[in-house]
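Beneath this line is the structure, given in structure tokens, with notes to follow.
The values are calculated or read from the model by the stated rules, or taken from the named source; none is laboratory data. This is a predicted model, so every value here is computed, not measured. Here the Cβ is made from the backbone with ideal geometry for all residues, glycine too, and neighbour counts use every protein chain on show. Each accessible area value is taken on the protein alone, full model and side chains, heavy atoms only, with ligands, DNA and RNA left out. Shrake-Rupley method; radii C 1.70, N 1.55, O 1.52, S 1.80 Å.
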Amino acid sequence: MKPLPELTREELYDLVWSEALVTLAPRFGISSVALKKRCTKLGVPTPPRGYWAKVSAGRSPRRRKLPNSPPIKPKKSRDESAQNYFEGTLADYTVARPHKFTSATKRQLARDRPDYKGQIASHGLAARIRVSPESASRALWVLDGLLKALDSAGVALALRDGYEGGLFARLGADEAHICMRERVFRVPRTDPDPEPRTSYYGERTSFDHKPTGILRVLVKFELLADGEWVDKRSLPLDTQVEKVAEGIKASLIRNAEMRTRRNEEARLTEIRRQDEWKKRQEREAEEKRWRNLEQLAGQSRLSTEVALLADRVALAAKGHALDQEALSRVEVWLAWARKHAERLDPVEGVLHSMRTNRD
């Protein structure tokens, strides 16, 4: 048998329709999946599922015809109109009437210098944007469209200063932090200096950064997972600012629903906890009453036994011939024993406590 690369389309067609791919492929030293891919590449049809079962049953299923030529794989071509969005050279991103937050962000970007990645960032009372100088105008254009779309959707906007400041979108009691970033690629350094340079964060680097022009809108919610909208060649952010605004508003609504659901679950959990605590308190109080009752019963038995002992001693003293001095000592002992039995008797104490609680 010829090697697989030397087979013509007609020879390969005859082989795959005369024997199953599972048994034919090992003869070429490959898997049935690889043989199937080879047939697809050459435009050779293969038997469908159940074909060889019909052949085994004595039937003669119909073969698919071999096309006259292999398929032509079209070359991928970039959409130049979409490419312009990322390059920012052929599109006009001048904002005629910018939003006040766009103007504040633009002033902050103009004050910054490129960092070790070649990007500038806005600080202070402005939206948090980190892009290359070439993409700054487009980023501000997208930001302005997003701000106006959020205003139209009824979402409140605010700028905050500080380390955790920036642009915040608020709907009721729920808010989200909005920022924008540009992706950069790391490429090997082309300068003649072989020594690694120190980055902004003190890291030793041996590569450079290349801006891509691909913008990302990042939105951080309080309860939901972070949202992200990224530039695509066929769908740049320029054309979907309204969709991003609708997504932010919908996420804020879901965040509010989740907050309400969590609060309700927390309320029900607290009610169950209070009920369990009350039941535990009642159970512990009942156990304590039982222990007190058992203790009182033990005292009552002891009091009865002491009184019976005193009566037996008095009865025995009458049957013995005791002198006056001995009888006096017996009477003293009996008085002490009966007094002790009365002290041990819990009946009066229970009645006194009932009377006190009632009063």
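As a test of reading the structure, rank Tyr93, Tyr116 by solvent-accessible area (1.4 Å probe, protein chains only), most first.
Tyr116, Tyr93
For Glu265, tell me the accessible area in Å² from a 1.4 Å probe, rounded to the nearest 10.
100 Å²
Which entry is the computed volume of the Cα convex hull per residue in Å³ for this structure: [x] 541; [y] 153; [z] 133?
From the options [x] 541; [y] 153; [z] 133, the structure gives [x].
Which angle from 0 to 90°, rounded to the nearest 10, does the C-alpha axis of helix 136-152 make with the longest principal axis of the chain?
Approximately 50 degrees, to the nearest 10.
Kindly identify the stretch 200-359 as rounded, prolate or oblate by the Cα gyration tensor criterion: order the square roots of the eigenvalues as a ≥ b ≥ c, call it rounded if a/c is under 1.5, otherwise compare a/b with b/c, prolate if a/b is larger, else oblate.
Verdict is prolate for the stretch 200-359.
Tilt of helix 32-42 relative to the longest C-alpha principal axis of the chain, in degrees (0 to 90, nearest 10)?
Tilt relative to the chain: about 30 degrees.
If you place +1 on the Cβ of every Lys and Arg and -1 on the Cβ of every Asp and Glu, how big does the dipole about the Cα centre of the chain come out, in debye to the nearest 20?
2260 debye
Holding the Cα-Cα limit at 26 Å, pick out from Lys210/Lys249; Lys41/Lys232; Lys100/Lys210; Lys37/Lys232; Lys148/Lys210; Lys148/Lys220 the pairs that are longer than that.
Among Lys210/Lys249; Lys41/Lys232; Lys100/Lys210; Lys37/Lys232; Lys148/Lys210; Lys148/Lys220, the Cα-Cα distance tops 26 Å for Lys210/Lys249; Lys41/Lys232; Lys100/Lys210; Lys37/Lys232; Lys148/Lys210.
Please give the solvent-accessible surface of Glu282 in Å², to the nearest 10, using a probe radius of 1.4 Å with every protein chain present.
In the full protein context, Glu282 sits at about 120 Å².
Any idea of Lys339's accessible area? Nearest 10 Å², probe 1.4 Å.
Using a 1.4 Å probe on the heavy atoms, I get roughly 150 Å².
I want to verify a result. In a Gaussian network model of the chain, Cα cutoff 10 Å, which of these has the top mean-square fluctuation: Ala173, Ala297, Ala20?
Evaluated over the chain, the most mobile residue of the options is Ala20.
Kindly sort Glu175, Glu348, Glu10 by accessible area of their heavy atoms, largest first, with the probe set to 1.4 Å. Mind dumping the intermediate values first?
Details: Glu175 45, Glu348 125, Glu10 100 Å².
Ranked list, largest accessible area first: Glu348, Glu10, Glu175.
Lys and Arg at +1, Asp and Glu at -1: add these up for the other residues within a Cβ distance under 14 Å of Arg97 and post the number.
Net charge around Arg97: +1.
What ranking do 154-167, 137-150, 212-225 get when scored by the average of other Cβ atoms within 10 Å per residue, highest first?
137-150, 212-225, 154-167
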